[in-house]
Amino acid sequence: MHCPKCAAEVREGARLCQSCGISLEEYGVVRDPFTEDKGRPPAAGGMAAPVRRRMIIAFVVFDIILAVVLVFFILKMG
Ligand SMILES: [Zn+2]
């Protein structure tokens, strides 16, 4: 990874930049895995899949309607 201040190469998991000495934790580069887990809502993964599938179905239905309308217009124009 790279330092957000001086863009120097920083060792993964390092808390301080060895080039300019800033605290990478303060810049939000180093994230504590425990705080990340607590902040994540547990239902998010289960809720996203059906919504995404419904959106795909809606897009497919819209595509079919569009195709039918297009064919209808082409036939009418002759
Ligand atoms: Zn730096």
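Read-outs throughout are calculated quantities, based only on the coordinates presented, and are distinct from any laboratory measurement. Note that this is a predicted model, so its numbers are computed, not measured.
Assorted remarks:
- The amide H of Leu16, built 1.01 Å from its N in the peptide plane, has Leu24 as neighbours under 5 Å, considering only residues 5 or more places off or on other chains.
- Added length on full extension, which subtracts the Cα-Cα distance from 0.36 nm per residue, Ile65 to Arg11: 14.0 nm
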